[in-house]
C-alpha cells in the first residue's frame, strides 16, 4: 500500500473542499448571516490539513487498485468529517453525530435529514447543505480527477472505484478528459434548470439550492414541506423532468452532442429506465384517481413527480405520499431498489443490473427446454462476459443481504417493520424519505446515535456500491501483495 500517494490525493481533496466552502461563505456574507465565522474557521482548518497531507512525500505516482479503493472510501469519510464542521461551529446542529449524518447524507446525495425545522437554518448552511449534493452527485473523486491531472496514469482506478454501474467506461481515451466532459454536461444541466426555475417565479437562492438537489439527485430543500411548499405546476414539472434527466447515463448526453442519436435511442438501459417510469406513473395515477385525487390529470401530476423522485433516488416530495394507497406505496418501494441508470447521479441497484438479471432469468428458462444450448446474455449487440454476470449477481445478492440484516438491526429501535425496512432502503439506495416514521413529513431525528451511525454506513455503502467499502474490512486489504 502506497500511503504517500493516498495522503497526497486526500490532501488535495481537502484543499478542494476548503475552496468549495468559499461559496457558502460568500452567500452568508451577502445575506449577513451569523454563520460567516464558522465558514472562515472551517475553510482555514480544512485547507491547512489538506495542504499538510498533500506535502507528504511519495516515491511512486502510480495509483493501483488498492490505493484507489482506499482513496475513494477514506476520501468520502474524510470530506464528510470536515464537511460537518460548519454545522457544528455555526450551532446549526449541536451533535457531531447528527452533523456527520447530515453531511454524509448530502455528499452521498441521499437527502435523509435529522433537521425538523429547515427554515430556521442560516442561508450559508442551507447553501452548503445542498451544495454537497452537487459535489457528490457526479462524484467527489471524479471531480478531483477532472481538475488535478497531476494524479498520474493511475487516475482511472479512482474513476473506476467511484463510478456507478457494473462497468466503468471512458467516453474519450484520456480519463481526465472523460471526467471534464461529464462535468461540463453536469454544469450545463445545472445552469439550464436554475434559469427555468427563475422563469417560473422561484427566487435565485431557492432555484440554485433546488437545482443542486435535483441535478445531484439529493433532495435537500429550503423548505420542510419540500417541493410541496411551492404551489406551482410549472416548478414541480421542471424539477421532475430534471430529476428524470439526471437519472440517465451521462455518457448518452455526450453521444447526443456527437450526433449519435440512433445509438442513444436504441440504448436498452435507457429504454428500460424510461419504460419503468412510464408504466409506474400510469399505474399509480390510475390507482390514485378518485381514491386520493379528484381527476386523472391531478393524479398524473403527483404520480409522475413522485415516480421521478423515487426512481432517481432524489427524495423530493410534493405531497405526503405515505398517505397514498398501499398499491401505490408498494410501487414506490420497489422503485427505491431499482434506481436510475449506471453512470448517472442516481443511486439504487441501477436499471442496467435489473435488466441484466431479468435477461439471466430468461436465459435460465430457455435452458430448461434446451439444456445443452449456449445462450449468451446481451445488452444491445454486446455479449456480457461471465465475470460481469457474476459481478452483477454477487452485487444483487449482497445488496439484499445488507438490506435484510440492516432491517433486523434497525428494528431494535422499537419501530415497525415498514418504518425499519424503508429507512434502510432509503439510506442504502440513497433516497432520503421512506414510509411511516421516516416518511416525507418526518425526519431521522427519532433514531439513536448508534442507528444514525449505521445509517451513515449504509449511505456510504450505497453510494460506493458496496464492494469498495467492504473491501477495506477484508484481512488482506492492507497487506502489500504483488500486483495489487
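Based on alpha-carbon centroids, what's the gap between segment 225-300 and segment 49-113 in Å, whole number please? If we compute the Cα centre of each part, the gap is 32 Å. Its alpha carbons give segment 298-402 an Rg and a Dmax of 17.1, 53 Å.
In what order do 125, 185, 361, 65 fall by count of nearby beta-carbon atoms within 10 Å, going from fewest to most?
361, 65, 185, 125
Taking the average, over residues, of other Cβ atoms within 10 Å as the packing measure, peptides 440-452, 363-375, 399-411, 215-227 rank 215-227, 440-452, 399-411, 363-375 from highest down.
For a footprinting-style exposure proxy, rank 8, 258, 329 by other Cβ within 10 Å, fewest first. Ascending number of Cβ neighbours within 10 Å: 258, 329, 8. Computed packing ranks the peptides 28-35, 74-81 as 74-81, 28-35, most packed first, by mean other Cβ atoms within 10 Å.
Shape class for segment 366-484: oblate, because the ratio a/c of the largest to smallest gyration tensor axis (alpha-carbon atoms, square roots of eigenvalues) is 1.5 or more and b/c is at least a/b. What relative contact order, as a whole-number percentage, does the chain give when Cα pairs under 8 Å and 6 or more residues apart are counted? Here the relative contact order equals 17 percent. Across segment 332-484, the relative contact order, built from alpha-carbon pairs under 8 Å that are at least six residues apart, equals 18 percent. Restricted to Cα atoms, segment 225-336 shows a radius of gyration and a Dmax of 14.9, 47 angstrom. The largest-to-smallest principal axis extents of the Cα set in the chain are 62, 56, 52 Å. When 236, 55 are arranged by Cβ crowding within 10 Å, least crowded first, meaning fewest neighbours, the order is 55, 236.
Since every read-out is calculated from the coordinates, none of them should be taken as a lab result. Predicted model only: the values in this text are computed from it and were never measured. Ideal geometry is used to build each Cβ from the backbone, glycine not excepted, and the neighbour counts take in all protein chains shown.
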